1. Taking square-rooted eigenvalues a ≥ b ≥ c of the alpha carbon gyration tensor, is segment 155-275 rounded, prolate or oblate, where a/c under 1.5 means rounded and, failing that, a/b exceeding b/c means prolate?
2. Would you tally the net charge around ASP83, using a Cβ to Cβ cut-off of less than 10 Å, leaving ASP83 out, and scoring K and R as +1, D and E as -1?
3. Using a simple spin-label model with points 7 Å from Cα along the Cα→Cβ vector, what separation in nm is obtained for VAL72 and HIS236?
4. For VAL125 and GLU18, what does the FRET efficiency come to when R0 = 41 Å and r is the distance between their Cβ atoms, rounded to the nearest 0.05?
5. What number comes out for the charge environment of MET276, summing +1 per Lys or Arg and -1 per Asp or Glu over other residues with Cβ under 14 Å away?
6. Quick check for me: using +1 on Lys/Arg Cβ and -1 on Asp/Glu Cβ, what's the dipole size of the chain about its Cα centre, in debye to the nearest 20?
7. Measure off 7 Å from each Cα along the Cα-to-Cβ vector at VAL29 and ASP190, then give the distance between these two points in nanometres to one decimal.
8. By the scheme Lys and Arg +1, Asp and Glu -1, what is the net charge of all other residues having a beta-carbon under 14 Å from that of ALA267?
Amino acid sequence: MTAAIDELLRILDLERLEHNLYRGRSPQVEWQRVFGGQTIAQALVAAQRTVEPDRFVHSLHGYFMRPGDIKVPIIYEVDRIRDGGSFTTRRVLAIQHGQAIFSLEASFQVDEKGLEHQFALPDDVPPPEGLKTQRQLLETADRVPEAVRRFWARERPLELRPVNLQHYESRDKLPPRQNVWIRLAGPVPDDRALQSVLLAYLSDMTLLDTSTFAHGRGLFDPDIQAASLDHSMWFHRPHSLDGWLLYAQDSPSSSGSRGFSRGTLYARDGTLIASMAQEGLIRLKR
């Protein structure tokens, strides 16, 4: 197991403070705010700690309200909204400096048999082995701040290999679609609840970027103010996360200084694991 994966698993192992109250920390790296995927994942961990172990998350919906401060812990307060015969609902509030920074609602269900179908894996997607990593692309891309380069140069728990490279090489207006291969940089424990948390963590990667493609822009442009506003996720099928996953993304719309993106996450064998939707701030600074 790599040191980065080990550190991520420690960060996701929240400290219990009191009934329905948990504390999480952030990695101490040179970055301006807490990574949104970390906040989603930690909030989901807090919710899971209050749910029976035979119930698994099938959907979550979150709102980002304030930037997270990496220098201080995050307190997660769980509201046990409902425990039904098949479904359990939880609300989680993430707090720093006495203020809410993020809220999450998550629904859990006992496993059931039923009707099944899924969209197929996108056609004509090259395998990840011959592609450059996102880290390699950012090292040579124009208009990437030095702090971002240093951030991506450190050991990370995820490896990303984008299929669409024009976004990194030009400022042409491009179709708002992209495919990204992604995998965890080490073994994942055989724990379905933890695997769902790791999916939530990685689901925030590259999704908002897709909404800038149609405008020939990038999130690292100095005149762009970007931040996640909300994030929704649906967990379709369990997966061991033991290999490459394809993150297929598109952005149907941007308006009002907001970009809307959707994503579907596939296993290498074509199994549809999860779907995501996110709206984020992509404001032009004036």
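1. Because a/c hits 1.5 or more and a/b exceeds b/c, segment 155-275 counts as prolate.
2. On the way: positive: ARG55, ARG80, ARG82, ARG90; negative: GLU52.
My count for the surroundings of ASP83 gives +3.
3. 4.1
4. 0.30
5. Net charge around MET276: -4.
6. 820
7. 3.0
8. Here the count lands on +1.
The values are calculated or read from the model by the stated rules, or taken from the named source; none is laboratory data. Here the structure is a predicted model, which is why all the values come from computation and not from measurement. Methodologically, a virtual Cβ is constructed for each residue, glycine included, from the backbone with ideal geometry; neighbour enumeration extends over all protein chains shown. These area figures cover heavy atoms from the full protein model, side chains too; ligands, DNA and RNA do not enter into them. Shrake-Rupley method; radii C 1.70, N 1.55, O 1.52, S 1.80 Å.
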